[in-house]
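First the structure, in the form of structure tokens, and then the observations on it.
The values are calculated or read from the model by the stated rules, or taken from the named source; none is laboratory data. Because the structure is predicted, anything quoted here is derived from the model rather than measured. Cβ placement follows ideal geometry from the backbone for every residue including glycine, while neighbour counts extend to all protein chains displayed.
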Amino acid sequence: MRVYELAKQMGVSSTELMNRLQKLGVEVKNHFAAIEPSVVKELQAAQTAGSSPQTEVKKKKPAGDKKPTVTKQATAAKPAKAQPVSKPAATSDKVVKPAGSAAKAPAKPAPKPAQKTPAKPAPKAAPTKSAEPVQRPQAQRPEAKPAPEAAKRAPAPEQKPQLQPQPKPEVKVEAPVKEEPVAAAAPAEKAKILEIPQAATVKEFAELVGKEPTAIIKTLLKLGELVTINQSLSSDIIEILADDLGYEPKIISPEELEEEEAFEEDLTNLVPRPPVVTVMGHVDHGKTSLLDAIRKTDVMSGEAGGITQHIGAYQVVLDGRKITFIDTPGHEAFTAMRARGAQVTDIAVLVVAADDGVMPQTVEAINHAKAANVPIVVAVNKIDKENADPTRVRQELTEYALIPEEWGGDTIFVDVSAKQKLHIQDLLEMVLLVADIKELKANPNTRARGTCIEAKLERGRGPVATVLIYRGTLRVGDAVVAGATYGKVRAMSDDKGKTVLEATPAQPVEVVGLSSLPQAGEELKVVGDEKEARHIAEERALKRRLIAQEERSRVTLEDLFARIQEGEIKDLNLVIKADTQGSVEAIKDALYKLNTEEVQIRIIHTGVGGISETDIMLAAASNAIVIGFNVRPDVNAQAMAAKETVDIRVYRIIYKVVEDITQALSGLLAPEIKEVDTGRVEVRATFKVPKLGVIAGCYVQQGEVDRNQRIRLVREGQIIYDGSIVSLRRFKDDVKVVKEGFECGIGLANFQDIKEGDILESYKLVERQRQLGE
């Protein structure tokens, strides 16, 4: 048993128990040290003897009960004395006779407890090991033996039960009295929520908390941070300072900080505006065809000109009423805009193929639309096909709370055919009906506000942003700001490519005149003048730079030691993939032995098989390094790792894994020998050739294959062979290199187990000297 375990059992602190052990002559270094069973029993016995007076009471009671039973036989010989006096007199004789010489021995230690407890020794003498020898001399000291013995033995049972209730109420009353005020005071102090802008300066923070900036700087100096009054603070420091001052901090991003102004619109100024519609659905269900059919219907209805260009949003007219469609890459862009806080869509048209039914992406689209609280109009497409079953589509969608109106629900279903252009007009009428129910209105007589749908660079025009106005009227010459971009509207054009001088609510236009490209989903608003727009944009750009600096980059083995020294990293997260479960366990056991006080190794995921895209996503989210043992990442995983800057390490020897991690932790990484992939080849057939063995008939998918480079054979994500090329031919000619898009025959050195569908990866070893600070 360990020190802390025994201390927990005995109800004492580890320090107190260690002091007791030292008094017994047992040396322990810390509270994790083990204690021998004999010492444990000795401590438990001492604890039991020293803190349980009840057990002694029980021992005394039977001793007192037995002695009077014996004296009853002796009292018959002495009838002259009174009955109450005869019993104690007989008991005293009985006690003295058998004790004999034994009574003399305890007579010496008897005075010692008497000196320690001068006043009222009864409660304090109880915890001693032997209670009987203490009472015997007390009976012998007074001259009149019968009276004091009777007096002492009579009140003894009355005093002893009083010992039990006295300590218990004291402990029970004191504990809650001390805890209650502390528990009540803590929430009272932290009840204040303080909203603090992200990357706020010392001066701004001091103004928010009502303190002098010098006081904040002094507090930061105590924390080891040297700052100036105009220096921005990181989110971590802001939280520490706020918590120190009794506030509950709430960090607000620049986007959240710029709250929209509260406009109390006059109802007379509000006018109906066109609905904004997003078409969503599965990629193969005819979404693009439906959009094309809607645009062609608009052209055939007699609108001026054709659609000369595509700007991401356009308007169609039905019976004199306009409908704005946002042409985005499906629900992904829809969700991205909603994540940026841009609520631009009024109605979602869900396209479902009548022959396929509900697909996984259809369910995703439904969930995205519901999360944005957008009404859904279902367009059942491809009804002209022979195997079309619109009823089955309706039945499947009822599982997702989309119940048709004809079945008693509130969702509008329209059967259409984008190919045959059937019922397109009915769909548009239903969209207008939903818009009428929502009563979409806006005030056009105020400063314009809109949402950037997309942005692009055009030669001769510069940055061009597609903007959807949702309030006010945007005019040529207005000073605008969008995110960290500002400018003056120099020109505008509508979805037909026609130049316009102003844009009203729900009208998409291309805006020329911005200083740079805004991000999709950012709000564009009109301000007083270009100077004000520039000031706002520069402030936003500064905040973004500070926030970007605050964000930590991905950890790699090269910069691990530097990050440890800076105190950024307290643990090293790893994702381990191997060819077998046994390899996984062996690597885990080896790596867990490398834990140090500064850094703890945390393995957040292990698995058997190739490194997949999911592993990279997990590593990116948890700032981890991916370790592969006898496995390779697939193409998608490599692309995502490059995008997310996730460090992937592939090994074939466990010792090398441990060595690299050890050197990374100690900052002694040697120059890196990196495998650079040069080509990817697919085995499409195999042939047996005399003297050469099995030859793989291959097609070069990526890069090139060089005869002098190394090559590995990958089957189902696992490395089967790693060696060299013994034969590389095109037709019957030996060649040195085969480029991408060509077929060739490849023979591997000392390896014949080649199968169709295998992947051959050619690579070269490149040595790179690691630079300080990488």
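Below are the figures for this structure:
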| item | result |
| --- | --- |
| Residue that is farthest from N595 (Cα to Cα), among those in the stretch 661-706 that are in contact with a Leu (Cβ under 7 Å, 6 or more places away or on another chain), modelled with pLDDT under 90 and surrounded by 13 or more Cβ atoms within 10 Å (Cβ to Cβ) | E675 |
| Some residue of the stretch 662-685 being assigned to a strand (DSSP E or B), over 39 Å from the mean Cα position of the chain (by Cα), more than 30 Å from V584 (Cα to Cα) and not assigned by the TED database to the domain that holds K577 | yes |
| Some residue of the stretch 722-731 being within 16 Å of E756 (Cβ to Cβ) and either surrounded by 15 or more Cβ atoms within 10 Å (Cβ to Cβ) or hydrophobic (A, V, I, L, M, F, W, C) (or both) | no |
| Any hit, the stretch 432-444, residues being β-branched (V, I, T) and surrounded by fewer than 17 Cβ atoms within 10 Å (Cβ to Cβ) | yes |
| Close pairs from the stretch 400-428: first under 14 Å from L350 (Cα atoms), partner in a helix (DSSP H, G or I) and basic (K, R), Cβ under 7 Å, at least 6 apart | P404/R394; F413/R394 |
| Close pairs from the stretch 228-239: first surrounded by 14 or more Cβ atoms within 10 Å (Cβ to Cβ), partner among the hydrophobic types (A, V, I, L, M, F, W, C) and in a strand (DSSP E or B), Cβ under 7 Å, at least 6 apart | S235/I251; I238/I196; I238/I251 |
| The stretch 518-557 - residue that is surrounded by fewer than 18 Cβ atoms within 10 Å (Cβ to Cβ) and at pLDDT below 65 and, of those, farthest from Q507 (Cα to Cα) | T556 |
| Subset tally (residues that are within 21 Å of the chain's Cα centre (by Cα) and either within 17 Å of H605 (Cβ to Cβ) or of a type outside the set (S, T, Y) (or both)) for the stretch 628-661 | 6 |
| Close pairs (8 angstrom Cβ cut-off, 6 or more residues apart or separate chains): farther than 15 Å from H285 by Cβ in the stretch 354-376, in a helix (DSSP H, G or I) and among the charged types (D, E, K, R) anywhere | H368/R338; A371/R338; A372/R338; P375/K438 |
| Selection from the stretch 440-462 of residues that are in contact (Cβ under 8 Å) with a residue 60 or more places away in the chain, of a type outside the set (G, A, S) and in a loop (DSSP other than H, G, I, E, B) | L440, N443, P444, N445, T446 |
| Flag for D436 being modelled with pLDDT under 85, out of contact with any helix residue (DSSP H, G or I) (no Cβ under 6 Å at 6 or more places or on another chain) and either in a strand (DSSP E or B) or among the acidic types (D, E) (or both) | no |
| Residues (surrounded by fewer than 24 Cβ atoms within 10 Å (Cβ to Cβ), of a type in the set (S, T, N, Q) and in contact (Cβ under 8 Å) with a residue 24 or more places away in the chain) located in the stretch 494-517 | T504, S515, S516 |
| Residue that is under 24 Å from E510 (Cβ atoms), within 37 Å of the chain's Cα centre (by Cα) and at pLDDT 90 or above, where the choices are V467, V476 | V467 |
| Hits in the stretch 371-386 (condition: under 29 Å from the mean Cα position of the chain (by Cα) and farther than 15 Å from D346 by Cβ) | A371 |
| Given (1) at pLDDT 80 or above; (2) over 27 Å from the mean Cα position of the chain (by Cα); (3) within 23 Å of R545 (Cβ to Cβ), number of the condition E225 does not satisfy | (1) |
| Only listed residue being of a type in the set (G, A, S) and farther than 24 Å from D292 by Cβ, chosen from A369, A401, A354 | A401 |
| Test: residue in the stretch 486-507 that is within 17 Å of E539 (Cβ to Cβ), assigned by the TED database to the domain that holds R534 and not in a strand (DSSP E or B) | no |
| V658 vs. criteria among the hydrophobic types (A, V, I, L, M, F, W, C) and outside the structural domain of L591 (by the TED database) | no |
| Any chance V738 is at pLDDT below 90, of a type outside the set (G, A, S) and within 20 Å of K764 (Cα to Cα) | no |
| Residue within the stretch 725-733 that is part of a loop (DSSP other than H, G, I, E, B), among the small types (G, A, S) and not assigned by the TED database to the domain that holds G610 present | no |
| Boolean, Q718 is buried (at least 16 other Cβ atoms within 10 Å of the Cβ), within 38 Å of the chain's Cα centre (by Cα) and either at pLDDT below 90 or assigned by the TED database to the domain that holds D579 (or both) | yes |
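Residue-wise test of (1) at pLDDT below 85; (2) part of a helix (DSSP H, G or I); (3) within 20 Å of R680 (Cβ to Cβ); (4) not assigned by the TED database to the domain that holds G679.
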| site | (1), (2), (3), (4) |
| --- | --- |
| G582 | yes, yes, no, yes |
| I587 | no, yes, no, yes |
| L594 | yes, no, no, yes |
| M617 | no, yes, no, yes |
| A639 | no, yes, yes, yes |
| A642 | no, yes, yes, yes |
